[in-house]
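Peer 1: Here it is: the structure, laid out below.
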Amino acid sequence: MTSGAGRTLVTGGASGIGLAVVRREIAAGRAVVVLDRAPPPGDVAAGFIAVDMMDAAATDAALKAVLADGPITRLVNNVGLVRPATVDDTTLDDLEAVMRLNVGATLQCTQALLPGMRAAGFGRIVNVSSRAAYGKDLRSAYAASKAGLLGLTRTWALELGRDGITVNAVAPGPIATPLFTAANPPDAPRTRAIIEAIPVGRMGTPEDVADAICFFLGDAAGFVTGQTLPVCGGMTVGKSVV
């Protein structure tokens, strides 16, 4: 079944990868709603609800407000938090906070939108994971949360396929976003080493990732589910040695 125009919900859609997805979806003729703490730029014609998605009750209220205008059949679970630390320095508070936002909000949004998707016989869910899910130093909490999204993606694909709902993931990195810069200071030797190790020879852009996400959101991806697409410039393959 195809979806028509429909609506798309993008969490963390005010900047970075989320904003690039919002722009792509608007260009595709779909109405978009953003959940974020700050609004998207003024030139972006998207609906917006301000919410701190660390707060489960506030997130629930925001989702009810969004769905009061009708069902949403496309969901991009993009909002995220990173707290860099070695395994020795990672605290339970770090782990709980990162898991709450990166995994808990994903579950909460998906559960809220599922009834409308099932009623339509159509749904597209894209979870934004990370290259860090495959292992990255100083990322114990973050890598655990992003690996968790891969498990959710595969499980939900099995559970929801017969409802006409596909569930896929992208694993970006390294991408030039505010989140990356906050965790990887531009002048740090570690950051320079990351960039020099990218096989295609450049950092990724939010638009690179948005193109992959929007493929999964489209009608043409109806026979693709439970998959993870790294958008990483070849970083998950490994660096060639001559």
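FYI, it's all coordinate maths here, none of it is from the lab. Everything numeric in this text was worked out from a predicted model, so none of it was measured. Virtual Cβ from ideal backbone geometry, glycine too; neighbours counted across all protein chains shown.
Peer 1: Seen from all sides and averaged, what is the projected area of the convex hull of the Cα atoms in the range 20-163, in nm²?
Peer 2: 9.3 nm²
Peer 1: Which residues make up the longest stretch of the chain clear of trypsin sites (Lys or Arg not before Pro) that lie in a DSSP loop with no more than 13 other Cβ atoms within 10 Å, not counting the sites?
Peer 2: Of all site-free stretches, the longest is 38-201.
Peer 1: With axes computed from alpha carbons, what is the tilt in degrees of helix 140-160 against the longest principal axis of the chain, rounded to the nearest 10 within 0 to 90?
Peer 2: The angle comes out at about 30 degrees.
Peer 1: Further question: Could you work out the local net charge near residue 143, counting Lys and Arg as +1, Asp and Glu as -1, over the other residues with Cβ closer than 11 Å to its Cβ?
Peer 2: Residues close to residue 143 contribute a combined charge of +3.
Peer 1: Quick one: 213, 194, fewest Cβ neighbours within 10 Å first, how do they rank?
Peer 2: 194, 213
Peer 1: Largest first and in whole Å, what are the equivalent-ellipsoid semi-axes of the chain based on the Cα gyration tensor, each being the root of 5 times an eigenvalue?
Peer 2: That gives 28, 20, 18 Å for the three semi-axes.
Peer 1: Using amide H atoms built in the peptide plane, which far-off residues or other-chain residues are under 5 Å from residue 48 H to H?
Peer 2: Placed amide hydrogens put 34 under 5 Å from residue 48.
Peer 1: Additional query: Hey, what number do you get for the chain at 222 nm if only DSSP H runs of n ≥ 4 count, each worth -39500 (n - 2.57), divided across all residues, to the nearest 500?
Peer 2: Dividing the helical sum by the residues of the chain leaves -12000 deg cm²/dmol.
Peer 1: To continue, here is another question. Once both axes come from the Cα atoms, what is the angle between helix 56-67 and the longest principal axis of the chain, in degrees from 0 to 90, rounded to 10?
Peer 2: Roughly 50 degrees, rounded to the nearest 10.
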